[in-house]
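Structure record follows, encoded as structure tokens.
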Amino acid sequence: MTTPTLFDLAHTDAPPLDIVSFGAGVESGAYLTEVLTKPDKHGVDPSNMVVLHAVVGSEFDDTLRDSQRFILPLLRDRGVRLVQLARRGPRERDGIEILDDTTRPKVMHHKGPWTLAQHNEVNGITPQLSDRKCSLLFKGWVLDRFILTEFPGREYTHVIGYNRDEWPRAEKDDVYATQTRDPVHPLIEWNWSRVRCLRRLYNEFGIIWKKSACSFCPFAGSSASLPALMKRMRRFPDSAVEALLTEYRALFFNPRSKMFGRHSLYERLVEDGNTTALQRFERRLNQAQWTVYEVRRLFFARKGDPTSKGPGWRSVRTSFTGTRAQAQRWMRTHVGTATDNGGRLWLRGEEPTKVYPRVEHFIGMTLAGTNDKERPSFAKHWAAITGETLFDSSTL
């Protein structure tokens, strides 16, 4: 008997697959709990279901622990296929890594080959409240790549766990429907709120399910979520340290990139009195490698309007790398001590008028690990705006 190919499978009369995005959080956990304990009620065939989990790498341990303890047994009992995936590297051509692919799942994976924390480090950034690029890069892209490769041409419904109050996000998701992809949002259809999802999980398992979030997620710092986040960071101080290091590095390159908008994570942890995390953070700063960077930023006008900020470009050049003490000596010798509290000597800073294009230029020291970068035409635009020719500070 000839084994069917993927092409053959994609063109059978099989019903559309039920592909479920499982983020290990409240909504997707409640959905799986409901349909796997009551499949007949919801018209769900577990044998036709594939659950996908994208491993970002900085999820709190309690969320993964509860998923492993309660959701994985449901998948095992029903023979549901769970695929855990991650990015293999920073570039799309690096592809994805399948960490686990089984109908007998036992472990929730914590990390893959390339994590969001690594992405933040090499780029000197932290996720921002203004967008969800981190989710697109480490969840959406990973899942889409797997589906396209594993089920070419196969029709499928794609279950996303938006609750009834997230209908604007669901409407945006509907835009990505294709000939083969049919996005569905059952929690909205059921009129389930987040509270209703929490109640369903509590009734089934007797626990209050924790929010799925990375340690450095800016959306976890809202007024409603902040008390729970601070409690978790007291329980998992190493996760707090990871987030503090991410924020510390990002604030060096862009002082406006506090994790929670107007407030930094560091400020919040001081207010909360989390001395354990703060002391471990200081030890990590002293133990780490440090780099002196020269940083330039260009801010262009938006669509020719000189009063409106458009895209921003950044040039990063390494001048020195060593211990913290060595970097401090290098700064004293070559730059002086007139630095701000972020370790920067500003050569061009905030200008009194908000007219674009504008520039910033500083040299300073922070944690090592961020890659040098500069667009090919950066020097040309810099010279056009400032009249200066770029030089390499590493020769100082």
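Of all residues in segment 71-93, how many are within 25 Å of the chain's Cα centre (by Cα) and farther than 16 Å from A54 by Cα?
Here the count works out to 2.
Tell me whether segment 93-112 contains one or more residues that are touching a strand residue (DSSP E or B) at 6+ places or on another chain (Cβ under 6 Å), at pLDDT 95 or above, surrounded by 19 or more Cβ atoms within 10 Å (Cβ to Cβ) and part of a loop (DSSP other than H, G, I, E, B).
Checked against the condition, which is being touching a strand residue (DSSP E or B) at 6+ places or on another chain (Cβ under 6 Å), at pLDDT 95 or above, surrounded by 19 or more Cβ atoms within 10 Å (Cβ to Cβ) and part of a loop (DSSP other than H, G, I, E, B), segment 93-112 yields at least one hit.
May I ask you to list the residues in segment 279-328 that are part of a helix (DSSP H, G or I), within 27 Å of the chain's Cα centre (by Cα) and buried (at least 17 other Cβ atoms within 10 Å of the Cβ)?
Answer for segment 279-328, where residues must be part of a helix (DSSP H, G or I), within 27 Å of the chain's Cα centre (by Cα) and buried (at least 17 other Cβ atoms within 10 Å of the Cβ): just F281.
What number of residues within segment 62-88 satisfy the criterion of being in contact (Cβ under 8 Å) with a residue 60 or more places away in the chain and either among the hydroxyl-bearing types (S, T, Y) or buried (at least 17 other Cβ atoms within 10 Å of the Cβ) (or both)?
Selection size over segment 62-88: 6.
Does segment 239-252 contain any residue that is among the polar types (S, T, N, Q) and modelled with pLDDT under 95?
The answer is no; no qualifying residue exists.
So is K373 closer than 19 Å to P255 by Cα and at pLDDT below 95 or not?
no
May I ask you to verify whether V44 is assigned to a strand (DSSP E or B), assigned by TED's automatic domain parsing to the domain that holds I147, touching a strand residue (DSSP E or B) at 6+ places or on another chain (Cβ under 8 Å) and not aromatic (F, W, Y)?
The answer is no for V44.
In segment 369-383, how many residues are surrounded by 19 or more Cβ atoms within 10 Å (Cβ to Cβ) and more than 10 Å from R296 (Cβ to Cβ)?
1
Could you say which residue among T395, T333, T321 is at pLDDT below 85 and of a type outside the set (F, W, Y)?
Selected residue: T395, the only one of T395, T333, T321 that is at pLDDT below 85 and of a type outside the set (F, W, Y).
Give me the residue from segment 243-270 that is charged (D, E, K, R) and in contact with a strand residue (DSSP E or B) (Cβ under 9 Å, 6 or more places away or on another chain) and, out of that set, surrounded by the most Cβ atoms within 10 Å (Cβ to Cβ).
Result: R249.
Among the residues that make up segment 180-192, is at least one of them in contact (Cβ under 8 Å) with a residue 40 or more places away in the chain, crowded, with 20+ Cβ neighbours inside 10 Å and in the same structural domain as H110 (by TED's automatic domain parsing)?
Yes: segment 180-192 contains one or more residues that are in contact (Cβ under 8 Å) with a residue 40 or more places away in the chain, crowded, with 20+ Cβ neighbours inside 10 Å and in the same structural domain as H110 (by TED's automatic domain parsing).
Looking at this structure, is T339 in contact with a helix residue (DSSP H, G or I) (Cβ under 9 Å, 6 or more places away or on another chain), among the β-branched types (V, I, T), within 30 Å of P237 (Cβ to Cβ) and assigned to a strand (DSSP E or B)?
Answer is no for this residue.
Taking the conditions exactly as written (touching a Gly at 6+ places or on another chain (Cβ under 8 Å) and aromatic (F, W, Y)), does F299 satisfy them or not?
yes
Looking only at residues in segment 129-182 that are in a helix (DSSP H, G or I) and aliphatic (A, V, I, L, M), which one is farthest from the chain's Cα centre (by Cα)?
L148
The values are calculated or read from the model by the stated rules, or taken from the named source; none is laboratory data. None of these values were measured; they are calculated from a predicted model. Cβ coordinates were reconstructed from backbone atoms using ideal geometry, including for glycine residues, and neighbour counts include every protein chain displayed.
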